[in-house]
Amino acid sequence: MILSNSDFKLDVTSEIGNLRALLIHSPDNGLGKVVPSKAQDWLFEDIVHLDTMRKNEYDYYVKLLMYFLDPDKIKGKLKKIDSKEDRRSFFKPDNKNFHASDKVIEIQTLLEDILQEADIRKKLVASVCAIESCNYRLQLKLIDTPPVELAKIIISGSLNETEMIFAPIPNLIFSRDIGIAINNFMLLNKPAKKARSRETLLVRYIFFNHPLFAAYRNNILEIPETVQHFLRPGEDNEEKTTLEGGDVMMVSPQHLIIGCSERTSVSGANEAIKLLFANNVVEKVTIVKIPHKRDYMHIDTVFTQVKRNMWVLLRSLAITEEHIENEEPAAWFAEKKNKDRPEIVQFTKNKKPKTFDCIEDLLRNVSEKDLKSEIATEFIYSGNNTFPFDAREQWTDSCNLLAIKEGVVLGYDRNDKTVEAFKQKGFKVIKVSDLLQKIENDEIDPQAMKDTLILMPSSELSRARGGFHCMSMPLLRDKVL
């Protein structure tokens, strides 16, 4: 059955409007086959325990999304879904009991759908086999594989439980990185690492061929390489055109923020701006250049939005460097001085660029000028701005939160000091397991929730260095009025 929705819309104008539809990918078998020697090549910090990641962590995320976005699929069924006898069938795209939501959309189901067409199946298999260096006989075998099974193989890299034919793509769970909705356009990204090239290929085929996106095909933007890039010497990332979704934030209908980071190059940001302005997608784009360090990776590991007037962020990277009287001489020559300062330049179509001194100034401007907040902008700091917890908790994604609606955000339960900071700002804090039960029992109406931090279990997910902002590709949000 091909996923369809005659009412489907692509429209994202903010980071905090009520979330109505998104694209995700649940952890697949390939994740359970990442070996220590290849973990960092495949962009993971460590190997993970797949069953724990699924049952005790990511499944909660799916259930929570369903209660907010597609409650008819889950309300009154939680006990059955959680039962051992059901064997997680609700979460498995190849199972007849799979939720098949058209609001909490699983990438694997979209891939299964487009593989139903023989012509697309042949082209996609040939493309995958080319980039994975498969032999011709294997290519023919894959073309003859049923679509549901073939989708699993292409994503996981495994023909069966024991035989792998190419590498897994464990980062597919971070669906934001492969594309970002900007108003009613979709910007397909160019990942920096070779480990993500198959993801990019699959998403291109899905957006250009799945009927769900048929009305938006002319609104799909692809980042081109710079002219004659193949003639340039060397393989330096600074010269490559790369852009990942964790570095792109749609903060208001006419304002996009793009980070230049370890994963997004200045060239990638430049090409994106040219595309966006040429197609009249937005009026202004702000570039935030952060240090090229694994600590930060993308701008959404440094800051995300919580409410119209509130952001969570790493303070040490977000403020201007303060002058301290009577500093010891050595402090003036400290290695950290000025090296980790972000550079921020705002480009507005047909106007001169504007600069900001620090990230806090930029975010304050977004809240007060773009979103018309009449309340003073507030900041919640990673680790409650206390050393060493600020850096420790930023590493485990204290700043990488997903807003399901304004003021209702998802974060990891391990970041204790950041949780304290939320409480000090008047937020309620609740564990996802408790919340799900209360929603099921009609004790809480999810649509009525305000100023709440929902704590998600994180022992395995955090090993992958990505939070729920990373694990979501919003396709539709209500406008922020």
Looking at 410, 435, which one is hydrophobic (A, V, I, L, M, F, W, C), open to solvent by less than 10 Å² (accessible area, probe 1.4 Å), closer than 23 Å to residue 23 by Cα and part of a helix (DSSP H, G or I)? 435
Just to be sure, is residue 207 modelled with pLDDT of 95 or more, closer than 28 Å to residue 111 by Cβ and surrounded by 20 or more Cβ atoms within 10 Å (Cβ to Cβ)? yes
With (1) surrounded by 14 or more Cβ atoms within 10 Å (Cβ to Cβ); (2) out of contact with any Lys or Arg (no Cβ under 7 Å at 6 or more places or on another chain); (3) among the β-branched types (Val, Ile, Thr) as the list, and residue 162 as the residue in question, which single condition is left unmet? (1)
For residue 85, indicate whether it is closer than 21 Å to residue 170 by Cα and more than 24 Å from the chain's Cα centre (by Cα). no
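Which one of these is over 24 Å from residue 452 (Cβ atoms) and touching a residue at least 12 places away in the same chain (Cβ under 8 Å): 138, 69, 78, 64?
138
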Evaluate segment 144-152: report whether one residue or more is within 16 Å of residue 202 (Cα to Cα), touching a residue at least 60 places away in the same chain (Cβ under 8 Å), open to solvent by less than 10 Å² (accessible area, probe 1.4 Å) and of a type outside the set (Phe, Trp, Tyr). no
Qualifying positions in segment 337-379 - open to solvent by less than 40 Å² (accessible area, probe 1.4 Å), closer than 18 Å to residue 254 by Cα and charged (D, E, K, R): 370
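For every residue, the table says whether it meets (1) at positive phi; (2) more than 21 Å from the chain's Cα centre (by Cα); (3) free of Cβ contacts under 8 Å to residues at least 40 places away in the same chain; (4) outside any loop (DSSP other than H, G, I, E, B).
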site	(1), (2), (3), (4)
276	no, no, no, yes
280	yes, yes, yes, no
287	no, no, no, yes
295	no, no, no, no
304	no, no, no, yes
316	no, yes, no, yes
Working only within segment 174-185, note down all residues that are outside any strand (DSSP E or B) and not aliphatic (A, V, I, L, M). 174, 175, 176, 177, 184
Go through segment 1-31 and count every residue that is among the hydroxyl-bearing types (Ser, Thr, Tyr) and buried (at least 23 other Cβ atoms within 10 Å of the Cβ). 1
Residue selected from segment 116-136 under the condition in a loop (DSSP other than H, G, I, E, B) and out of contact with any Phe, Trp or Tyr (no Cβ under 9 Å at 6 or more places or on another chain), by the criterion surrounded by the fewest Cβ atoms within 10 Å (Cβ to Cβ): 135
Give 247, 300 a once-over and let me know the one that is modelled with pLDDT of 95 or more, within 15 Å of the chain's Cα centre (by Cα), buried (at least 24 other Cβ atoms within 10 Å of the Cβ) and under 20 Å from residue 197 (Cα atoms). 247
Filtered residues of segment 438-481 (kept if among the basic types (Lys, Arg) and either assigned to a loop (DSSP other than H, G, I, E, B) or open to solvent by 50 Å² or more (accessible area, probe 1.4 Å) (or both)): 438, 450, 463, 465, 479
Lone unmet requirement of (1) touching a residue at least 60 places away in the same chain (Cβ under 8 Å); (2) open to solvent by 20 Å² or more (accessible area, probe 1.4 Å); (3) closer than 19 Å to residue 166 by Cα; (4) not aliphatic (A, V, I, L, M) for residue 108: (2)
Exactly one condition in (1) farther than 30 Å from residue 216 by Cβ; (2) touching a Leu at 6+ places or on another chain (Cβ under 6 Å); (3) among the small types (Gly, Ala, Ser) is false for residue 472; which is it? (1)
Across segment 186-204, which residue is surrounded by the most Cβ atoms within 10 Å (Cβ to Cβ) among those that are of a type outside the set (D, E, K, R) and outside any helix (DSSP H, G or I)? 189
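The values are calculated or read from the model by the stated rules, or taken from the named source; none is laboratory data. What you are looking at is a predicted structure, and each value in this text was computed from that prediction instead of being measured. Positions of Cβ are backbone-derived with ideal geometry, glycine not excepted, and every protein chain shown enters the neighbour counts. For accessibility, only protein heavy atoms count, side chains too; no ligands or nucleic acids. Shrake-Rupley method; radii C 1.70, N 1.55, O 1.52, S 1.80 Å.
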